[in-house]
Every structure is written in C-alpha cells, then in structure tokens.
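> Can you read through this structure? Questions will come right after.
The values are calculated or read from the model by the stated rules, or taken from the named source; none is laboratory data. All figures in this text were calculated on a predicted structure; none of them were measured in a lab. Reconstructed Cβ throughout: ideal geometry from the backbone, glycine too, with neighbour counts over all protein chains shown.
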Amino acid sequence: MVVSSTCRSGFSRDNYLKQRFAAKAAPTGFSAPVTQCSKNKSRNREVTMNRFEPWATPGVRGLQPYQPGKPIDELRREYGVSDIVKLASNENPLGPSLRVREVLAAEFAGLARYPDGNGFALKQALSERHRVDMAQITLGNGSSDVLEFVVRVFVQPGDEVLFSEHAFAMYPIVTQAASAQAVVAPAHDWGHDLEAMQALISERTRVIFIANPNNPTGTWLQGDELQTFIAAVPERVIVVVDEAYFEYASDPALGAAGYPDASRWLDRFPNLVVTRTFSKAYGLAGLRVGYSLSHPDMANLLNRIRPPFNVNSLALTAAEAALADEAHVQQAVHLNVEEMARVTDAVTEMGLEFIPSVGNFVSIDVGGDAASVYDALLHEGVIVRPVANYGMPRHLRVTLGLAAENERFLAALRKVLKK
Ligand SMILES: Cc1ncc(COP(=O)(O)O)c(C=O)c1O
C-alpha cells in the first residue's frame, strides 16, 4: 500500500491537475498510472486513474463493467489448456438450427446494404407468434439492449430502480450507468421476495426489474403471485419482466408448475414490459438479437431511442428463421431437461446442494469458497461461472451442455473436490 505525501484531504482539482500533467509526460502515455487519494488516509493506495474520469457522469465513474464468462481462447492462451468445455454463459449447446445456417449463407451477398432499420419481417413474425400488434415490439441488440432502453427512457439521476438480491447483473449496471439509485430487495430462498419488493417501492421508484426465471439462481415466480404484484404497482412505475429463459422454464417437464407467459397480461398492465431473447433456446447468442413486448405507447418511447440498425441483417434473418424452427427449440428444451437431471443427480450424489432451477443452468454450492474450485476447474479445461459478484461466493453456476460436456464437468468436479 502506498500513501502519497501530497495527499491530505482526498481528491482535489489542484492535485489532479498536477498528476495529470505528470502522467502526460510519463513514457507510458495515455493510461499512465497516477496516485489517487482517499479521504481516509489509511485507505490511500496506488490506483490507476483514468484521466477522463473526472468528466464522466457520476454513474459511469462508479460503474463496474459486466463480467462475461471466460472465453475458450482466453483459457487456451492463459493456461495452455486444450480440449476445453465452456459451460459458463447459458448458451445453447446445440448451436443454431440447420435452417438458420442455410438462410445465413444466403444473406452474405446482401451485406453491403444496411439492414431493415425497422426489422419489418422479424417484427411481423413476432407479432404473429405473440398475437400482438407490431407497434408493441421493440427490437434490441440482445435483450440487454432493451433493458437499457427502459432505463434511458424513464430514469433520471437520483431516481430509484428496484430489483432483487442475486438478480441478473445487467440490472445494477444499467441503473448505475444512469446515475440512478439501485434499491435491492432481500431474496427469499434465493428467489424474488415480492412482498419485500413491494415494501420498497417509493415515490422515486421508476423501474422494477424481475427476471423470471432469474439468472444465476434459476428461481421462478408463479403467474398468480406475479400478477398480484404487478397489479399493486403504481402505473407510473415500469415493471420489466425479463423472460430470457422462457422456452426452458415453460416446459412442464422441468417442473415449473404455474410458470406464466407475462406477455398475456399486456392488455391488463400498460406499464409492463416483457423481454425475450434469441440468445438462449434459439442458439443465437453470438448474433445479438432480443426484443420487448409492451403497450404501443411504451414501445413508441423505447423505439425513439433505439439506435438505427441496432439489429444487423444476419441477426434479423437468423432470428426469423429460428422462430419458425420450433423443432430445434424443442430439441434444445428436451436436452436441457435430461441434462438438468444428470447434473443435479450427480452433484447430489457428491453430497452437494444446488438451487432448483428452471433455466438452462444450475447454481451449485461447492461447500466452501467457490473461487478456488473455479480456478481448479479451469486447469481441468472446464469453464463454469463464479457468482461471488451476485452475493453467492459458495456457488458456481454451470450451464447445461451436451451429455459429454456435462460428464466432463462432473468428472472434473469430482477430481477437484476429491469426491
Ligand atoms: C436474465 C437474463 N436476462 C437477459 C439476458 C441478456 O441476454 P441477451 O442480451 O443475450 O439477450 C441474460 C443473459 O444472460 C439473462 O440471463
């Protein structure tokens, strides 16, 4: 720890200018490290300061970027491991359907042109699928794009955004980016506690995010309780029901009795936004395409800030083809049911606990600090997801892969935990 002698009462403009000047002259150039001071002398330490940070919005200054699953190539580079299994990002192990691959090949010739900025064909297919008007749809570069639109449209600095403990990591990120106040409701049995959430709604609440099912816990809410909750939310507060894993959770074989399709309630709740994605059961995570369904007035506002061409031509074409290939989705969902049983049975045999999940992933309590288990699994060529940043330091989230991939994970886990 380095305590700077020039540092008495925290950050000052003069100090900063001196440091910036010094940094400019330093041979390391653009990102030269400088010492920043904390108000608390004992906490002073050497940190790398971004020279533009003082001019960034307060939200961006405090922002921690989203941490994705470790890419396969990165593990290969860093650990020198080959034959890698990645079960870290809730992707579909079957990949995109054959039909998608065919239409994509045909699309290449048209890539010199801009995409249809309105996404007409995809919206038309979605409006038929969901029995909604095309004016109720907002397309996103992944559904996380739409989550951000909601905050940008409705939330000002100082407003409150409400979500649950252990909820999807993009909710705090988009909230912080808007310099808004995150209000985090305590979870109940790892899942959303709707009573606790309702008690936290204030005059300043603008948006409520609910992931159903939630990632990384896999917990879900039943239709009755969720409808009762939304009915009690004032209309000025936007409720986003994030259904990224809808296709998995709505399969009765996975056991989520009473799991709802919130898009059926759009007529009843004009303040409801339901988000869906092609990244999971449809196997198109790499193309980035998702959407929301809402009241047309809501979609009108969301579409005002949607960047032109936010969904590219390949993504539009692939999503339309994927939507039509119901058999591929069913195959993915059935595989998921089988593999959920394989993995949860095996970890139970190892004497470990897991959080019952209706997604394409499951969070397993490894019986102690999960960081070292995660690292040991990396050395075995298996990438899973540590979830300490979700307040779950004992858990690892494992995406359900193909049978052989899951067996690789289970064998590596047994070896690492000496089970
Ligand atoms: C709950 C939840 N919502 C939304 C997303 C965003 O997915 P995408 O932006 O790929 O549509 C994810 C991705 O992991 C998720 O887990």
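> What do you reckon, is residue 189 at negative phi, modelled with pLDDT of 95 or more and not aromatic (Phe, Trp, Tyr)?
Spelling it out, it is not the case that residue 189 is at negative phi, modelled with pLDDT of 95 or more and not aromatic (Phe, Trp, Tyr).
> Within segment 80-92, identify whether any single residue is within 16 Å of the ligand (Cβ to nearest atom) and without any contact (Cβ under 8 Å) to a residue 60 or more places away in the chain, and answer yes or no.
The answer is no, given that none of the residues of segment 80-92 is within 16 Å of the ligand (Cβ to nearest atom) and without any contact (Cβ under 8 Å) to a residue 60 or more places away in the chain.
> Tell me which residues, restricted to segment 271-300, are part of a loop (DSSP other than H, G, I, E, B) and closer than 21 Å to residue 230 by Cβ.
Result: 271, 295.
> Looking at segment 263-280, can you tell me whether even one residue there is closer than 21 Å to residue 311 by Cβ, away from the ligand (no atom under 13 Å from the Cβ) and either in contact with a strand residue (DSSP E or B) (Cβ under 8 Å, 6 or more places away or on another chain) or without any contact (Cβ under 8 Å) to a residue 60 or more places away in the chain (or both)?
yes
> Something else now. Given the structure, is residue 240 within 20 Å of residue 275 (Cα to Cα) and either within 16 Å of the ligand (Cβ to nearest atom) or without any contact (Cβ under 8 Å) to a residue 40 or more places away in the chain (or both)?
In short, yes.
> Quick one: residue 306 ticks every box in (1) basic (Lys, Arg); (2) away from the ligand (no atom under 12 Å from the Cβ); (3) under 25 Å from residue 405 (Cβ atoms) except a single one, so which number is it?
Looking at each condition in turn, residue 306 falls short on (3).
> Okay, next question. For segment 193-254, please list each of the helices (runs of 4 or more DSSP H) lying entirely inside it that holds at least 3 residues being within 26 Å of residue 301 (Cβ to Cβ) and of a type in the set (A, V, I, L, M, F, W, C).
So the answer is 223-232.
> With the checklist (1) away from the ligand (no atom under 16 Å from the Cβ); (2) under 23 Å from the mean Cα position of the chain (by Cα); (3) crowded, with 19+ Cβ neighbours inside 10 Å in hand, flag the one item residue 72 doesn't pass.
(3)
> What helices (runs of 4 or more DSSP H) lie completely within segment 69-146 and have 2 or more residues being at pLDDT below 95 and not β-branched (Val, Ile, Thr)?
Per the criteria, 72-79, 98-107.
> Here are some residues: 219, 175. Which one is surrounded by 24 or more Cβ atoms within 10 Å (Cβ to Cβ) and more than 20 Å from residue 271 (Cβ to Cβ)?
Only one candidate qualifies: 219.
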